[in-house]
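Notes follow once the structure below has been shown.
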Amino acid sequence: MEFFSGKKDRSKKGANPMKEMSFMDHLEELRWTIFRSLLYIIVIATIAFSYKSFIFDKIIFAFLNDDFPTYRFLCFLGENFCIDAPKLILSTRQMGEQFMVHFKVATILGFVVAFPLIVWEVWKFVAPGLNLKEKKFSGSIILISGLLFFVGVLFGYYVIAPFAIKFFATYTVSDFAETMPTLDSYVGFLTMLVLPAGFIFELPLVVYFLSKAGIISAKFLRTYRKHAIVVILILAGVITPPDVLSQILVGIPILLIYEIGILIALRIEKKKKNA
């Protein structure tokens with residue numbers, strides 16, 4: 001894969017479609033790529049900004065209601081697994097904090113929804129450096145990348161976030177201490193739980209490209225498998241209530257993602273040997 005090969009495959013009227021691109025041409029192309037990506041985020045964020053009540057009541061504060069799907073699913077499994085929604089009263093201590101949080105949430109949603117479009121823009125930027133076979137495969141890469149990211153975000157929202165918010169909202173060191181988070185800290189904590197999950201689910205694609213480049217191998221991933229399992233189980237134990245089912249719900253999908261990465265690396269190595 002030869003990124004930035006210096007060849008421009010976009011035909012223009014009266015211009016040679018294979019004309020070499022200068023360094024300034026690449027910078028100009030990069031500038032427009034960034035501009036269009038930001039434009040996607042701004043447009044979607046503007047739309048999200050206008051749906052304040054729905055976004056906050058039905059999405060951001062959904063964990064504070066007992067009818068949240070994750071809570072209902074756990075109760076369906078049995079009374080021993082039922083957990084109640086945390087009883088939190090969010091405060092704002094600065095003038096304009098609610099507006100800034102509203103703006104922040106709209107921007108984050110804009111990025112999440114626009115993620116496939118951003119990946120598409122990045123692909124268009126590197127496309128002139130790809131051969132024909134790689135260009136045909138790139139469409140699948142964009143689709144897979146978007147799906148993995150959305151699945152990861154949903155996993156973080158419905159699996160990781162409910163357990164983590166419940167645990168930290170009810171954890172106390174003394175009866176003299178009461179948890180009263182600000183609106184900004186609540187939204188920041190939720191973002192920290194959900195967005196990274198989306199990027200974690202991109203691991204199979206990352207492994208694919210790193211294996212193609214010869215940077216990592218299946219042997220490397222196998223060597224550090226035990227370390228990965230320990231880290232994942234520790235994180236699952238920290239953010240979930242002290243029961244095995246919750247840790248399994250959080251830990252197993254992430255472990256599966258790691259194992260899928262190993263299988264991808266093995267397949268890439270096999271193809272290289274056959275070639």
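Read-outs throughout are calculated quantities, based only on the coordinates presented, and are distinct from any laboratory measurement. Predicted model only: the values in this text are computed from it and were never measured. For neighbour counting, all protein chains shown are included, and Cβ atoms are generated from backbone atoms with ideal geometry for every residue, glycine included.
Here is how the numbers come out for the structure above:
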{"item": "Contour minus Cα-Cα distance for Val173 and Asp57 (0.36 nm per residue)", "result": "38.8 nm"}
{"item": "Amide H contacts of Thr182 (H built 1.01 Å from N, under 5 Å, at least 5 apart or other chain)", "result": "Ser91"}
{"item": "Extension gain from Arg31 to Ile229, taking 0.36 nm per residue of separation minus the Cα-Cα distance", "result": "67.2 nm"}
{"item": "For segment 224-232, 3J(HN,Hα) per residue [Karplus equation, 6.51 cos²θ - 1.76 cosθ + 1.60, θ = phi - 60°, Hz, x = Gly/Pro]", "result": "9, 4, 4, 4, 5, 4, 4, 4, 5"}
{"item": "Spin-label model distance (nm) - Phe199 vs Asp84, 7 Å beyond Cα toward Cβ", "result": "3.7 nm"}
{"item": "Potential extension, Phe209-Glu97 segment - 0.36 nm per residue separation minus Cα distance", "result": "36.2 nm"}
{"item": "Computed label-point distance, nm, for sites Ile42 and Ile144 using a 7 Å Cα→Cβ extension", "result": "3.4 nm"}
{"item": "Long-range HN-HN contacts of Ile216 with modeled amide H, under 5 Å", "result": "Ser211"}
